[in-house]
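Structure first, commentary second.
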Amino acid sequence: MTAADDQDRAVRGDAAQESAASAHPGPLVVTDPCPVCGGQGASDEQTCPACRGTGVGRFYHGTKAELRPGDLIAPGHAPNFGRLDRSTPWVYLTGTLDAAIWGAELSFGEGPGRIYVVEPTGPIVDDPNLTDQKFPGNPTRSYRSREPLRVVGEHTGWSGHTAEELKAMNEGLERARAQGIEPID
Ligand SMILES: [Zn+2]
């Protein structure tokens with residue numbers, strides 16, 4: 001058990017007690033904790049198979065694409081930051097609505113942002129762009145996969161970030177771009 005694990009566990013415990021009803025819960029709130037393990041990611045010291053040890057009962061993917069239930073979201077799209085003329089071999093998913101909202105707002109493309117409830121079709125790993133040094137553990141519950149995500153349905157009724165929050169995020173991404181920071185493949 002490392003310090004990161006302790007923090008991870010603390011975040012999961014807090015998240016499990018939050019209400020999932022809000023249209024825009026806080027950034028570290030797992031919107032739908034796994035009902036099997038109560039959002040803990042494990043029960044009886046065993047990794048919870050239902051949520052793959054994530055504590056997440058429902059995964060989200062934010063995008064500008066218009067999709068239907070049953071559609072597959074495959075890797076190979078432009079990343080949300082860094083050079084937009086490249087593609088990433090990963091497809092991203094998250095257990096927090098806040099992170100999905102950022103995905104919908106920042107993803108490349110025309111039209112309104114959309115948030116889909118998705119199921120991974122293959123293994124998922126922590127998104128290293130949002131874990132490790134920047135945020136110890138994986139408090140934003142951000143994951144990625146090299147296999148497609150299956151769209152289960154669209155999550156509607158969410159509210160976006162404020163103009164100030166968007167401005168601050170875009171300035172941060174612009175700084176990262178100017179410094180040549182690219183997503184970790
Ligand atoms: Zn579980």
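The values are calculated or read from the model by the stated rules, or taken from the named source; none is laboratory data. Bear in mind that the values here come from a model prediction, so they are computed numbers and not experimental data. Neighbour counts run over all protein chains shown; Cβ positions are idealised from the backbone, glycine included.
When every residue of the stretch 66-77 is checked against the conditions, none turns out to be of a type in the set (D, E, K, R), at pLDDT 70 or above, touching a helix residue (DSSP H, G or I) at 6+ places or on another chain (Cβ under 9 Å) and away from the ligand (no atom under 14 Å from the Cβ).
Of all residues in the stretch 24-35, those satisfying the criterion of being surrounded by 15 or more Cβ atoms within 10 Å (Cβ to Cβ) and within 10 Å of the ligand (Cβ to nearest atom) are 33, 34.
Matching residues to (1) farther than 22 Å from residue 29 by Cβ; (2) at pLDDT 90 or above; (3) within 11 Å of the chain's Cα centre (by Cα):
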position	(1), (2), (3)
84	yes, no, no
93	no, yes, yes
107	no, no, no
120	no, yes, no
151	yes, yes, no
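Please tell me if residue 29 is under 13 Å from the mean Cα position of the chain (by Cα), at pLDDT 95 or above and among the β-branched types (Val, Ile, Thr). The answer is no for residue 29. The set of residues from the stretch 47-85 being charged (D, E, K, R) and either surrounded by 13 or more Cβ atoms within 10 Å (Cβ to Cβ) or without any contact (Cβ under 8 Å) to a residue 60 or more places away in the chain (or both) comprises 52, 58, 64, 66, 71, 85.
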